Amino acid sequence: MTSLPPRRYSMAEASAVEAEAIGVLLHYLWQRPGTVQVRDVRADPEYRVADVDLLWTWQDQAGRLHTTRLEVKADRWHNTGNFFFETQSNKARGRPGCFLYTQADYLLYYFVGPRLLYILPMPAIRDWFLAHQERFPERETSTPVGEGEEYITVGRLVPIGDLLAQVPGVRTRQL
């Protein structure tokens, strides 16, 4: 683990970035051909446990309906050239990070500044990550949650170029 201090984020900052990303991605999904429904399920306990944020129902050319489970990750740091894959959501409590347990079909990794979306197929991305995670530097972020309290999130910095070159099925969209 590096000795760099963790990046600090307020809950308000994190919530604003997430809200912006969710709004943009809802609009994007509704514009996709064949879209029948897009549901924000972040508040639903069943989907919260599965770490799924959105359900996208779409119709293929044969008229069959499909529902795709989506996890959204909003990030402001595209200039680093890395994804941040969360491996511990709360270091003090030893809770695994959403990247390790999400039941989503796809991770929608959205960089808010450049409005750049990476559509990452799960679990292929997770399988690749687990096979290579030791080569990615570990970092922490810190979020205050009360008077003098904070929680630490731990993750790995994964070079975007490496992932794009080594994992088939990743797509990008400029929104």
Descending semi-axes in whole angstrom, ellipsoid equivalent of segment 59-105, from the Cα gyration tensor: 30, 17, 6
Using a Förster distance of 22 Å, the FRET efficiency for T57-R171 (Cβ separation, nearest 0.05): 0.70
Accessible area (Å², per residue) of segment 118-168, counting only protein heavy atoms and a probe of 1.4 Å: 48
Dimensionless Rg/Rh of segment 88-134 - Kirkwood Rh, Rg from C-alpha atoms: 1.03
Acute angle (nearest 10 degrees) that the helix 11-31 long axis makes with the longest principal axis of the chain, alpha-carbon atoms: 20
Scattering curve values for segment 69-152, log₁₀ I(q)/I(0), Debye with Cα scatterers, q = 0.11, 0.13 Å⁻¹: -0.33, -0.47
Spin-label pair D40/A92, simplified geometry with 7 Å Cα→Cβ offset, distance in nm: 2.9
Segment 19-78 shape via C-alpha gyration tensor axes, a/c threshold 1.5: oblate
Taking N as its residue count, the alpha carbon Rg of the chain over 2.2 N^0.38 Å: 1.05
Computed over the chain: relative contact order in percent, which uses C-alpha pairs under 8 Å that are six or more apart: 24
Carbon/sulfur fraction of accessible area - the chain, other protein chains in place, 1.4 Å, %: 51
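The values are calculated or read from the model by the stated rules, or taken from the named source; none is laboratory data. Quantities reported herein were computed from a predicted structural model and do not represent experimental measurements. All Cβ positions, glycine included, derive from the backbone under ideal geometry; neighbour counts span all protein chains shown. With ligands, DNA and RNA removed, areas are computed over all heavy atoms of the protein, side chains included. Shrake-Rupley method; radii C 1.70, N 1.55, O 1.52, S 1.80 Å.
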